[in-house]
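J.: To start, I am sharing the structure in question, which I have written as structure tokens.
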Amino acid sequence: MHKLIRYLKPYILPLLLVIVLLYGQAMAELALPDYMSDLVNVGVQQSGVETVYPLYIPDEQFTTFTNLLSEEDANLLESHYVKIDSSNQLDEANQIRKQASKYFDGDMPDVFYAHIYPSDSDQIDNQFEIMMSKVLLAYNKLSSDSPEMLSQLAMMSQDQKSQMLDQMNAYFINMSDSMLIQSGAQAQLEFYKAVNIDTHYIQNQFILHIGLIMLIVTILGAMAAILVGYIASRVAAGTGRNLRKDIFEKVSTFTNREVDQFSTASLITRSTNDITQIQNLLVIIIRMLLFAPIMGIGGVVKAIEKSTSMSWIIALAVIILLGVIALLFSIVLPKFKIVQQLVDKINLVMRENLTGMMVIRAFNTQNFEENRFDNANRDLMENNLFVNRIMIVMMPVMTLIMNGVSLAIIWVGAHQIQDSALQVGDMIAFMQYSMQIIMSFLMLSIMFIMIPRASVSAGRIADVLATEATVKDPKAPKQLPQSMTGNVEFKHVSFKFPGAEEEMLKDLSFTAPAGQTTAIIGSTGSGKSTMVNLIPRFYDATGGDITIDGISIKEMKLHDLRDLIGYVPQKSVLFSGTIESNMTFAKEDATQDEIMKAIEVAQAKEIVDEKEKGIKDHIAQGGGNISGGQKQRFSIARALVKKPKVFIFDDSFSALDFKTDAALRKALKDYTGDSTVLLVAQRIASIRNAEQIIVLDDGKMVGIGTHDVLMKTCKTYQEIAYSQLSAEELS
């Protein structure tokens, strides 16, 4: 995988933006359980009362509170409240009076105290909250148990008041600060009801406020997720595009040796299926690799904040989850490495069936090919089924773990709620955080299960990109002169296929002069096509040298070398498009007159004339909508349009009848002019008029000369000639 990291460099800025968005999305999702906890604890259980101090206290109750407090605490209370009465006509007081009118159920008291927020330290605020919790609890208790004592507070001596305060503090001594504040919020609710403050209004306001915040947070999180998905898709698609482009460009430089090394079917798989695997993994990595750890770590921190005592439940669930993932991972990893090889195999069988369909039908081997495809398909299916059966175990296991965690949290949390050690909302939030933590680990596990398969694909792609073509431009290429004649010379040339034990061509030396036709003939497998394929450097000679006008072809740039050559392969290849587009494949700026002249020389004019659209007529992929002979003539015409210095016809007249063959050779002689013509042929009739004929046998040159000379001096040529023509025809 690391070998392909460089393809992410153009997307550094989008990826940085993704990190910011994922952090924002995680923070939004982590905030929602907290808000849900407040909604349950405060909005439902406490009717929206979220503080332990009343917002508004009528004058009578405020006086009672000060009487219940020590002098120091009474001063602290007064520092947090401002008195609002008819004499206070300041703008701030009027605003407070207007706001307070919404809270009182009915008439508002003439004199009341409104809470203000002083700039005191957190320690003093916490002290104030504890004090208010105590005074509210004491006030509610006295109101229900002995209301007459409240009216007597002002008349009590200092000693009596101190004695009563000591008794009150003894009542609170066993309560922790958090429980005291929690109880104080509940006591404040009772106080509000006693002084006619509308708790329904407070509750509705709180629920609407929290609900609006949750809605905004959810929308922001969803927007972040959508943007992350969009960016991830763009980055993955762009990376896939660049990979396909580079693989195509790399494969375009490959010689037959490199293509044979990988196989055509494998190269197709690597540029399609393997790159798709990389794209899918990139989307998951961008969306999950960064998001899952933030959610997991944030969930752990938030869960511990809610309840440290239940954190063991999360730890146990994570340990079980990791154990299950590790087990599954060890089982499916070897299978992922086999999948891509099986995809290669099924592509190979399919490609062979499609290209050889007529042969298969001709020999009635449909059943055999169906069985061959079925075996390849079944191997892939069984491998995928095994992987999928193992992977589907994860979902019920995950469901069991999540439900088990929920059950454990409810069981333990219920006991803590009963003991007043935990609130219901906190238990719900803890449960949500637990699910988020487990889902984070699940996302990571899914990603790490996909990584092995994608890493196999990445390795296969990297192998193609790292493979250097054996035929490449020289470091210091020679500049070709403008007046090239195309004189081709072989100097003790030998060639051996990679991995072969014996040489295919052995010590070939000859010159193909410009303006003449040099024909090559020999038995099947004698090396004719291999020899001419060395000239455009489809393969490189393993011994000796080939020159054009005295310049070694290895010292030329490949583009310059192939620009000198017009090549007609043994198997005619046409591309989807039109007749015209296939002709301009050889020369982009070819005029219509040049195209028609080449078509006429190639004896294909009658074919074009029969077409409704002429040279604009459609050609199917591979020339599937025309005959083999027509395809061969168009292939010859394409090379003629180029008007190169060297023509190579690799058994290019084999599909032509004798009449067309003769007419083409006659027209070709005038058209090629001063160009060098190398003609590979099987028929004596096609080459007997060549100025020079080379006879190959088992890779060796066993004869060279004209037809008449070879009939006298070369036994191999004689055997070929007499096997095709009678003595009268040869004389």
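J.: About the Cα centre, and with charges only on the beta carbon of Lys, Arg (+1) and Asp, Glu (-1), how big is the dipole of the stretch 334-412? Nearest 20 debye, please.
T.: Value, rounded to 20: 140 debye.
J.: I need the peptides 520-530, 14-24 ranked by packing, meaning the mean over residues of other C-beta atoms within 10 angstrom, with the highest value on top.
T.: The peptides rank, most packed first, as 520-530, 14-24.
J.: Residue 148 to residue 414: FRET efficiency via 1/(1 + (r/R0)^6), r the Cβ-Cβ distance, R0 51 Å, to the nearest 0.05?
T.: Efficiency, rounded to the nearest 0.05: 0.80.
J.: Separate question: For the stretch 354-499, what class follows from the C-alpha gyration tensor (a ≥ b ≥ c being the square roots of its eigenvalues): rounded when a/c is under 1.5, otherwise prolate if a/b is larger than b/c, else oblate?
T.: Because a/c hits 1.5 or more and a/b fails to exceed b/c, the stretch 354-499 counts as oblate.
J.: Please report the net charge: other residues with Cβ closer than 15 Å to the Cβ of residue 201, K and R +1, D and E -1.
T.: Residues near residue 201 contribute 0 overall.
J.: Additional query: Å³ per residue of the Cα convex hull, for the stretch 542-615?
T.: Hull volume normalised by residue count: 147 Å³.
J.: Tell me the label-point distance for the pair residue 59, residue 358, using the 7 Å Cα-to-Cβ offset, in nm and rounded to one decimal.
T.: 11.2 nm
J.: A further question follows. For the chain, what % of the accessible area comes from carbon and sulfur atoms, probe 1.4 Å?
T.: Whole-percent figure for carbon plus sulfur exposure: 56.
J.: On C-alpha positions alone, give me the angle between the axis of helix 12-38 and the longest principal axis of the chain, in degrees, nearest 10.
T.: Helix 12-38 sits at roughly 30 degrees to that axis.
J.: Now for a different question. Any chance you could run the full-extension gain for residue 616 through residue 166? It's 0.36 nm times the residue separation minus the Cα-Cα distance, nm to one decimal.
T.: Result: 151.2 nm gained on full extension.
J.: I would also like to ask the following. Please say if the chain is rounded, prolate or oblate, where rounded means a/c under 1.5 for a ≥ b ≥ c the square roots of the C-alpha gyration tensor eigenvalues, and otherwise the choice is prolate for a/b larger than b/c and oblate otherwise?
T.: Since a/c reaches 1.5 and a/b is larger than b/c, the shape of the chain is classed as prolate.
J.: Between 368, 394, 339, whose Cα lies farthest towards the positive end of the dipole of the stretch 308-453 when Lys and Arg beta carbons carry +1 and Asp and Glu beta carbons carry -1, centred on the Cα centre?
T.: Looking along the dipole axis, the top candidate is 368.
J.: Where the centroid of each part is defined by its Cα atoms, how far is the stretch 8-33 from the stretch 189-257 in Å?
T.: If you average the Cα positions of each part, the centres end up 9 Å apart.
J.: Calculate, in nm to one decimal, what residue 94 and residue 311 gain on full extension: separation in residues at 0.36 nm each, minus their alpha carbon distance.
T.: 73.1 nm
J.: Where the centroid of each part is defined by its Cα atoms, how far is the stretch 559-576 from the stretch 652-731 in Å?
T.: 22 Å
J.: Set the Förster radius R0 to 56 Å, insert the Cβ-Cβ distance between residue 320 and residue 585 as r into 1/(1 + (r/R0)^6), and round the FRET efficiency to 0.05.
T.: Once the sixth-power term is evaluated, E becomes 0.30.
J.: What list of ³J(HN,Hα) couplings, whole Hz, do you get for the stretch 543-557 from phi and the Karplus terms 6.51, -1.76, 1.60, once you set θ to phi - 60° and write x for glycine and proline?
T.: Using θ = phi - 60°, the values come out as x, x, 8, 10, 10, 10, 6, x, 9, 4, 5, 6, 9, 9, 5 Hz.
J.: Another question, then. Bin all alpha-carbon pair distances of the stretch 469-607 at 10 Å intervals from 0 and give each bin's fraction as a whole percent.
T.: 10, 34, 34, 20, 3, 0
J.: List the relative contact order of the stretch 681-731 as a percent without decimals, with contacts defined as Cα pairs under 8 Å and 6+ residues apart.
T.: It rounds to 27 percent for the stretch 681-731.
J.: Compare the Cα positions of 231, 724, 525 along the charge dipole of the chain (+1 at Cβ of Lys, Arg; -1 at Cβ of Asp, Glu; about the Cα centre) and return the one farthest towards the positive end.
T.: 724
J.: A further question on this structure: On full extension of the chain, what length is gained from residue 726 through residue 74, given 0.36 nm per residue of separation minus the C-alpha to C-alpha distance?
T.: That works out to 221.3 nm of additional length.
J.: Between residue 475 and residue 9, how many nm apart are label points set 7 Å from Cα along the C-beta direction?
T.: Output for this residue pair reads 2.4 nm.
J.: Can you give the net charge of the other residues whose Cβ lies under 13 Å from the Cβ of residue 429, counting K and R as +1 and D and E as -1?
T.: After counting each charged neighbour, the total is -3.
J.: Testing the spin-label approximation: label points 7 Å from Cα along Cα→Cβ at residue 657 and residue 44. State their distance in nm.
T.: With each label point 7 Å from Cα toward Cβ, the separation is 9.3 nm.
J.: How much of the DSSP beta bridge set in the stretch 632-714 is antiparallel, as a percent to the nearest 5?
T.: Percentage antiparallel, nearest 5: 50.
J.: Further question: Hey, got the dipole for the chain? About the Cα centre, +1 on K and R Cβ, -1 on D and E Cβ, debye to the nearest 20?
T.: Its charge dipole is roughly 4420 debye.
J.: Report the residues of the stretch 447-485 in range of a label on residue 559: point 7 Å along Cα→C-beta, backbone N strictly under 17 Å from it.
T.: So the set is 472-482.
J.: Amide H of residue 647 versus every other amide H placed in the peptide plane: which residues, excluding those fewer than 5 positions away on the same chain, fall under 5 Å?
T.: Close amide H contacts, sequence-distant or interchain: 566, 676, 677, 678.
J.: Sticking with this one: What does the net charge come to around residue 475 if you take all other residues with beta carbon closer than 14 Å to its beta carbon, with K and R at +1 and D and E at -1?
T.: Net charge in that neighbourhood comes out at +1.
J.: According to the square roots a ≥ b ≥ c of the eigenvalues of the Cα gyration tensor, what is the shape class of the stretch 578-641, taking rounded for a/c under 1.5, prolate for a/b larger than b/c otherwise, and oblate for the remainder?
T.: rounded
J.: Rolling a 1.4 Å sphere over the protein heavy atoms, what is the accessible area per residue of the stretch 563-701, to the nearest Å²?
T.: 45 Å²
J.: Let me ask something else about it. Dipole of the stretch 553-636, Cα-centred, from +1 at each Lys and Arg C-beta and -1 at each Asp and Glu C-beta, to the nearest 20 debye?
T.: 380 debye
J.: Suppose R0 equals 30 Å. What FRET efficiency, 1/(1 + (r/R0)^6) with r the Cβ-Cβ distance, do residue 435 and residue 226 give to the nearest 0.05?
T.: With a Förster radius of 30 Å, E is 0.85.
J.: List the trypsin sites (Lys or Arg not before Pro) within the stretch 11-108 that DSSP assigns to loop and that have no more than 16 neighbouring Cβ atoms inside 10 Å.
T.: Qualifying residues, ordered by number: 102.
The values are calculated or read from the model by the stated rules, or taken from the named source; none is laboratory data. Just so we're clear, the structure is a prediction, and the values are computed from it rather than from any experiment. Note that we place each Cβ from the backbone using ideal geometry, even for glycine, and neighbour counts take in every protein chain shown. Surface areas here come from the heavy atoms of the whole protein model, side chains and all, with no ligands, DNA or RNA. Shrake-Rupley method; radii C 1.70, N 1.55, O 1.52, S 1.80 Å.
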